[in-house]
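Engineer: Can you read through this structure? Questions will come right after.
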Amino acid sequence: MLDDSILKQARQQKRTQLTEIESKEFVKEAGIPVTETKLARTKKEAISLSKEIGFPVVMKIASSDIIHKSDSGGVKLGLKNVTQVGNAYSEIMLSIKQGFPQAKIQGVSMQKMARPGVEVIIGMSKDAQFGPVIMFGLGGILVEVLKDISFRIVPLTRRDATEMIREVKGYELLQGYRGQEAANIPSLEQLILKVSQFVDQNPQIKELDLNPIFAYKDGALAVDARIILEESVEG
Ligand code: ADP
Ligand code: MG
């Protein structure tokens, strides 16, 4: 079940889009590994949180009105010290105020800069005929430009998970490419199955996006998450 307090708050505020922090809380409860992410409401909080988290850190705009955080100038990666964190805070706020003057801003989300891995995407959307379907693909141009993705209908079997990873054209990239570490395929299969279970048990979720997930030789980690709820309260 979804965490009631987050759900209630979203319903009260009449929004169907959960923030990165809220979305990560949910998927984390389902056993899906995510970068621990905290909200800073002021520059001062951002600076003190960055010291707690440990450098380098990542800062992102936290606003339920902004879906694409990096397109709006709302993501700063690899910040190495408090000066950079302070500057990043000002730059993010400026860019959002210019681009989205109406957006309600909660603050910035703060997390550790994850080490690079192969970027993959797991998503769920609802098909008019088939209901919830899970999507898998490799991050970046493979998904965005080449639409190199695979789909299966929820609930997925272990075999579905195995097949959908192997059938994307980018599969070879998961086996190590130009010195990049290979991805652990069994842990990606597990992750896909966990997402399937999670959305199956929570029909009030309309859309889910884990984009990107960094795949490593010993596991996988989602660094961004986005959940959209169904309109109806019963959902
Ligand atoms: P959005 O999808 O809303 O633009 P993301 O949170 O996905 O924003 O961030 C944009 C990109 O920044 C990601 O695709 C990823 O490459 C990188 N990124 C985000 N968070 C982290 C992190 N914690 N560590 C390393 N890279 C990150
Ligand atoms: Mg993203």
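Engineer: Please give the number of the condition GLU144 fails out of (1) within 16 Å of ligand 2 (Cβ to nearest atom); (2) open to solvent by 20 Å² or more (accessible area, probe 1.4 Å); (3) modelled with pLDDT of 95 or more; (4) not hydroxyl-bearing (Ser, Thr, Tyr).
Structural biologist: Just one mismatch for GLU144, condition (3).
Engineer: Between a residue in the stretch 114-130 that is closer than 23 Å to LEU173 by Cα and any residue that is among the hydroxyl-bearing types (Ser, Thr, Tyr) and at pLDDT 95 or above, which pairs come within a Cβ distance under 6 Å, given they are 6 or more apart or on different chains?
Structural biologist: Going by the 6 Å Cβ cut-off, the qualifying pairs are ALA114/THR35; GLY117/TYR216.
Engineer: Of all residues being within 27 Å of GLN13 (Cβ to Cβ) and open to solvent by less than 60 Å² (accessible area, probe 1.4 Å) in the stretch 65-87, which is nearest to the chain's Cα centre (by Cα)? Just the residue, please.
Structural biologist: The initial filter retains those residues of the stretch 65-87 that are within 27 Å of GLN13 (Cβ to Cβ), namely 65-76.
Filter again for open to solvent by less than 60 Å² (accessible area, probe 1.4 Å), leaving 66, 69, 72-76.
Details: ILE66: 14, LYS69: 11, SER72: 16, GLY73: 17, GLY74: 15, VAL75: 13, LYS76: 16 Å.
Per the stated criteria, the residue is LYS69.
The rows are residues; the columns are (1) surrounded by 14 or more Cβ atoms within 10 Å (Cβ to Cβ); (2) in contact with a Phe, Trp or Tyr (Cβ under 9 Å, 6 or more places away or on another chain).
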position: VAL27; (1), (2): yes, yes
position: SER50; (1), (2): yes, no
position: LYS60; (1), (2): yes, no
position: SER63; (1), (2): yes, yes
position: TYR89; (1), (2): yes, no
position: LEU94; (1), (2): no, no
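Engineer: Could you figure out which of (1) surrounded by 14 or more Cβ atoms within 10 Å (Cβ to Cβ); (2) within 30 Å of ARG11 (Cβ to Cβ) isn't true of PRO203?
Structural biologist: Of (1) surrounded by 14 or more Cβ atoms within 10 Å (Cβ to Cβ); (2) within 30 Å of ARG11 (Cβ to Cβ), only one is false for PRO203: (1).
Engineer: Out of the stretch 206-215, which residues are open to solvent by 20 Å² or more (accessible area, probe 1.4 Å) and either touching a helix residue (DSSP H, G or I) at 6+ places or on another chain (Cβ under 9 Å) or away from ligand 1 (no atom under 16 Å from the Cβ) (or both)?
Structural biologist: LYS206, ASP209, ASN211
Engineer: I'd like the residue in the stretch 147-200 that is part of a helix (DSSP H, G or I) and among the acidic types (Asp, Glu) and, out of all such residues, is most open to solvent (accessible area, probe 1.4 Å). Working first, answer last.
Structural biologist: So the first thing to find is which residues in the stretch 147-200 are part of a helix (DSSP H, G or I), and the list is 158-166, 169-175, 185-200.
Those left that are additionally among the acidic types (Asp, Glu): 160, 163, 172, 189, 200.
On the way: ASP160: 31, GLU163: 64, GLU172: 140, GLU189: 13, ASP200: 84 Å².
Per the criteria, the residue is GLU172.
Engineer: Find the residue count for the stretch 29-48, including only residues that are over 18 Å from LEU221 (Cα atoms), open to solvent by less than 40 Å² (accessible area, probe 1.4 Å) and not in a helix (DSSP H, G or I).
Structural biologist: First pass over the stretch 29-48, keeping only residues over 18 Å from LEU221 (Cα atoms): 39-48.
The next check asks that each one be open to solvent by less than 40 Å² (accessible area, probe 1.4 Å); those that pass are 40, 46.
Now drop any that are not not in a helix (DSSP H, G or I), which leaves 40.
So the count comes out to 1.
The values are calculated or read from the model by the stated rules, or taken from the named source; none is laboratory data. Keep in mind it's a predicted model, so treat the numbers as computed, not measured. Cβ atoms come from the backbone with ideal geometry, glycine included; neighbour counts cover every protein chain shown. Quick note on the areas: whole protein, heavy atoms, side chains included, nothing else; ligands and nucleic acids left out. Shrake-Rupley method; radii C 1.70, N 1.55, O 1.52, S 1.80 Å.
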